[in-house]
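The structure appears right after this line, and notes come after that.
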Amino acid sequence: MLKKHINKLESLILDSFQNLIRKENFISGIEINPMDYSFKLYTGNKESLATENLSAGERQLLAVSILWGLSRASGRPLPAIIDTPLSRLDGQHRQNLVENYFPQASHQVILLSTDEEINKKYYKELKPAIGRTYHICYDEELQSSVFKTDYLF
């Protein structure tokens, strides 16, 4: 039974990763060790690839893919909260997250972004899926942060 669930999880994580990564056929397989839940990645050439050999952005996408795969495997609507979601990513990976992950990650997605991450272009693309936005800014007079019910632009 454990092997069956692990196989399903491997498949869901791999599918999630392939939807986010810009390199086609980069990772063709993911294996989860049922004893310690460690990961092995396999390239398109079926060679083992250590996660330490991934770039910071690729590791971030793998982490997102693991969470997305776990969420999908649960079959339950689970909220997703993502802090600085685009911080280590290049333009294409950012675009992939905006198009392929954020709108379908969950019924409720909370993005805690910096002013440099969700720019006007990404905001426009995400707008149909946005229910509410807040801007946390510092008020000198109050000597405290305040919430505004609008976004930066």
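Annotations for the structure displayed:
- The single residue among GLU31, GLU52 that is acidic (Asp, Glu), farther than 16 Å from ASN100 by Cβ and modelled with pLDDT of 95 or more turns out to be GLU31.
- Residues located in the stretch 96-153, provided they are surrounded by 11 or more Cβ atoms within 10 Å (Cβ to Cβ) and either touching a residue at least 60 places away in the same chain (Cβ under 8 Å) or small (Gly, Ala, Ser) (or both): ASN96, LEU97, ASN100, TYR101, ALA105, SER106, SER113, ALA129
- Flag if LYS3 is more than 17 Å from the chain's Cα centre (by Cα) and touching a residue at least 24 places away in the same chain (Cβ under 8 Å): yes
- Just one residue in the set ILE21, ILE13 is surrounded by 15 or more Cβ atoms within 10 Å (Cβ to Cβ), among the aliphatic types (A, V, I, L, M) and touching a Ser or Thr at 6+ places or on another chain (Cβ under 8 Å); that residue is ILE13.
Listed here are the residues, each with its yes/no results for (1) assigned to a loop (DSSP other than H, G, I, E, B); (2) closer than 23 Å to ILE21 by Cα; (3) among the small types (Gly, Ala, Ser).
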residue: ILE82; (1), (2), (3): no, yes, no
residue: ARG88; (1), (2), (3): yes, yes, no
residue: LEU97; (1), (2), (3): no, yes, no
residue: TYR101; (1), (2), (3): no, yes, no
residue: SER106; (1), (2), (3): yes, yes, yes
residue: THR133; (1), (2), (3): yes, no, no
residue: LEU142; (1), (2), (3): yes, no, no
residue: PHE147; (1), (2), (3): no, no, no
residue: LEU152; (1), (2), (3): yes, no, no
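- Subset of the stretch 44-61 [outside any helix (DSSP H, G or I) and surrounded by 14 or more Cβ atoms within 10 Å (Cβ to Cβ)]: LEU49, LEU54
For (1) touching a residue at least 60 places away in the same chain (Cβ under 8 Å); (2) in a loop (DSSP other than H, G, I, E, B); (3) assigned by TED's automatic domain parsing to the domain that holds LEU12; (4) of a type in the set (S, T, N, Q), each residue gets a yes or a no:
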| position | (1), (2), (3), (4) |
| --- | --- |
| PRO34 | no, yes, yes, no |
| ALA63 | no, no, yes, no |
| ARG72 | yes, no, yes, no |
| PRO85 | no, yes, no, no |
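The values are calculated or read from the model by the stated rules, or taken from the named source; none is laboratory data. As the structure is a computational prediction, the values presented were derived from the model and not from experiment. Please note: Cβ atoms are built from the backbone with ideal geometry, for glycine as well, and neighbour counts cover all protein chains shown.
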